[in-house]
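See below for the structure under consideration.
Every number here is computed from the coordinates shown, using simple stated rules; none is lab data. Here the structure is a predicted model, which means the values were calculated and not measured. Note: ideal-geometry Cβ built from the backbone for every residue, glycine included; neighbour counts use all protein chains shown.
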Amino acid sequence: MPARRRKHALRPQVEGMEARDVPSALSMHMAAVAHAQAVAHAQAVAHAQAVAHAQAVAKAHAAAVRAAAIRAAAIRAAAIRAAAIRAAAVSHASAVSSTSSAVMTTNSSTTTSQNAAATTNTSQNAATTTNVSDVKNGPLAKAGQTLINLYVDYQNFVKGGGTGTFTSASAAHIEVTGNQVRVDIRGSVDVNALSSTLTGMGMQVSSTDANTRTVEGSLPITQLPNVAQLSQVTTISPVYRPGLGMGMA
């Protein structure tokens, strides 16, 4: 028997078609496959682009985070430097204040020492002799003969009862008012310190001369020996009445 021709199986979409329609069906199928492949490719490309975009966004975010961290670190460092500068300024101000206080304390101590020295100088220095009339070595050696005579006359006046108005025949040419004599006292220290000491001893200061360190005023006659023995006093000179001078002593 003649061999029976094998019947070729057709795909379902082309079964029942005429032979002339088969190529058209295959073309459509291939077109559909190509379209599906193109769609899949487009989807893959879109996914890849989405992934790349996401990665770019992530990188940008990471860079922004790093930049923010750097800025924060810079701000913290600036704050630390500012705090250190403020602390240094406060420390410097405190040191300046302490120094100023120390200077003020030193000045105060110096003033106190000067006042103490002035007070100490009010004590009598030891005289070579207690003889008031000794013009060279006695307690009134710095005052001179005229003031020595005045002091002796006043002592005698007091011993005699001290009544009436005191006068001194041996010192009639110098300015004497009551129990006070006008004198110029020259010192070896600052004139203000000398003036302060003398005021404390009862002197009524009328003028001072810083250049010659001289204090002029009225001094109680009884204070003549005490003032003459001050270490800061160099000389005591009487002030003569107007129109008179030392030549009339």
FRET efficiency, 1/(1 + (r/R0)^6) with R0 25 Å, evaluated for residue 190 and residue 134 via beta carbons
0.25
Going residue by residue through the stretch 53-65, the Karplus relation 6.51 cos²θ - 1.76 cosθ + 1.60 with θ = phi - 60° gives ³J(HN,Hα) values, rounded to whole Hz and with x marking Gly or Pro, of 5, 4, 5, 5, 4, 5, 4, 5, 5, 4, 5, 5, 5
Inter-probe distance in nm under a simple model that places probes 7 Å from Cα toward Cβ, at residue 93 and residue 156:
7.5
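Could you list 153, 209, 184 so that the one with the fewest beta carbons within 10 Å of its beta carbon is first and the one with the most is last? Kindly include the intermediate steps, with their values, before the conclusion.
Numbers: 153 19, 209 12, 184 16.
So the residues, fewest neighbours to most, are 209, 184, 153.
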7 Å from Cα along Cα→Cβ at both residue 207 and residue 62: what's the point-to-point distance in nm?
9.7
